[in-house]
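A short worksheet on the structure shown next.
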Amino acid sequence: MPAIGAKRVGVIGAGMVGVCTASWLQRDGHSVFLIEAAEPGRGASFGNAGCLNGSSVTPVSMPGVIRNVPRWLFDPLGPLSLRWSYLPVIAPWLLRFMRAGTPEKVRTQARALRSLVGPTLDALRPLVSAAGADDLVHRLGHLYVYRSAESLGKDRLAWTLRRENGVEIDEFDADELRQLEPALSREYVRGVLVRENGHTSNPFGLVQRLLEHFLRSGGELVQARAHGFRLDGARLAAIQTDGGDRAADAAIVCAGAYSKPLAAALGDKVPLETERGYHLMISDPEAMPRIPTADADGKFVATPMDTGLRFAGTVELAGLAAPPDWRRARILLEQGRKMLPGLATSHPEERISDDGPSIPRSALPGARWRGRT
């Protein structure tokens, strides 16, 4: 028997956010179906760093960050890349981005972000346990490392925002850092540990198990591409897909970077822009950190996973249509070898696609798209 007040709800997007959203709606007694055009979990949820950050309260647009942009753009190993042909399209969003980075605004944003992401692990735990996926989620903390005290000093506002919002941190000097993570380069002389954070050792595997439990519990997966909505007056009647209309009393858009046109179809003008990141997997690493470790200057993360070592990070602003630039994945490999000197300097090579570059066999690259408001 459906619960009193239960609705038929369509969730668009079967990545980590979509599957968790659908699962919680299902637990609340609603009849839920997921709509996904591709293989569930193969988008941004497949290629991320696997980090579950309740402490992630610092906005991307921070006071002074705009001063770093020219240096990042002209640094081939830098954390930011912009395809200049895309500049006219993204310019209005960039202006909003710059205006958002005032001290007053970032403090307001940090408080809002803490309320949204702070309960991440607690909200995930019952879903993970029900899906039998406890072995894929670990609460060991995250480590941020710096090559100088001055570099850490530049991030003081970010750490202050975290402390102001209840995030507890421990700071380490070079010797303490070496004891915590012996595999790290000795160039790192400062470290900050956030104990409350967690990670998944298999992002794709976690989405799969959550989805399997959702389906076993009566959920439905619709393999189609959503492109709009059919209304009955002011009420939703159906979600329109390339496989036909799907009747629904409510819809939730969890399509990541692809959410903007769907939101627009319902009258919401979301200032959403596309951010592409890259990841690279080393299946047989000679060195690996014990917990997720972020290079604070390079803006990338090294995460130990069941299938090896993953480097993830960098930001590319190029839109959804631009093909991946696999050089960005190579940059991650170069940066990763500087972080972990124990990694081999070369590996046998293997071509992974007909039109892709030759890359180290054990270092398989990937790209992901996500939205940024």
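The values are calculated or read from the model by the stated rules, or taken from the named source; none is laboratory data. Because the structure is a prediction, the values reported are computed rather than measured. Methodologically, a virtual Cβ is constructed for each residue, glycine included, from the backbone with ideal geometry; neighbour enumeration extends over all protein chains shown. Just so you know, the surface numbers come from the protein's heavy atoms only, side chains and all, with ligands and any DNA or RNA stripped out. Shrake-Rupley method; radii C 1.70, N 1.55, O 1.52, S 1.80 Å.
See the values below:
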| quantity | calculated |
| --- | --- |
| Highest-fluctuation residue, 106, 69, 19 considered, GNM on the chain with Cα pairs under 10 Å | 69 |
| In nm, spacing of pseudo-spin labels at residue 283 and residue 168 (7 Å Cα→C-beta vector) | 4.1 |
| Extension reserve of the residue 266-residue 82 stretch, reckoned as 0.36 nm per residue once the Cα distance is removed | 63.2 nm |
| Average Cα contact separation per residue, region 1-154, under 8 Å, 6 or more apart, as relative contact order % | 22 |
| Förster-model FRET efficiency, 30 Å R0, residue 156 and residue 237, C-beta, rounded to 0.05 | 0.05 |
| Region 20-100: chymotrypsin sites (Phe, Trp or Tyr not before Pro) in DSSP loop, at most 15 other beta carbons within 10 Å | 74 |
| Residue 139/residue 102 FRET efficiency (R0 22 Å; Cβ-Cβ; nearest 0.05) | 0.05 |
| Among beta bridges that DSSP assigns inside the chain, antiparallel share in %, nearest 5 | 75 |
| Lysine pairs with alpha-carbon atoms under 30 Å apart, the chain, spacing 8 or more or separate chains | 12 |
| Global size of region 212-340 as Cα Rg and Dmax, reported in angstrom | 20.2, 62 |
| q = 0.16, 0.30, 0.32 Å⁻¹: log10 I(q)/I(0) that the Debye formula gives for region 169-212, counting C-alpha atoms only | -0.59, -1.01, -1.07 |
| Point-to-point label distance, residue 91-residue 115, nm (Cα→Cβ direction, 7 Å offset) | 3.7 |
| Percent RCO, i.e. relative contact order, over the chain, from Cα pairs under 8 Å lying at least 6 residues apart | 23 |
| Normalised convex hull volume, the chain, alpha-carbon set, Å³ per residue | 154 |
| Accessible surface, 1.4 Å probe, highest first, among residues 300, 229 | 229, 300 |
| Region 111-214: radius of gyration over Cα atoms, expressed as a fraction of 2.2 N^0.38 Å | 1.29 |
| Environment charge at residue 162 (Cβ cut-off 13 Å; Lys +1, Arg +1, Asp -1, Glu -1) | 0 |
| Residue-averaged [θ]222 nm for the chain, counting only DSSP H segments that reach four residues, each worth -39500 (n - 2.57) | -9500 deg cm²/dmol |
| Most fluctuating residue given options 313, 277, 64, as computed from a GNM of the chain linking Cα atoms under 10 Å | 64 |
| Using θ = phi - 60° and Karplus 6.51 cos²θ - 1.76 cosθ + 1.60, couplings along region 134-141 (whole Hz; Gly, Pro as x) | 4, 6, 9, 10, 10, 10, 10, x |
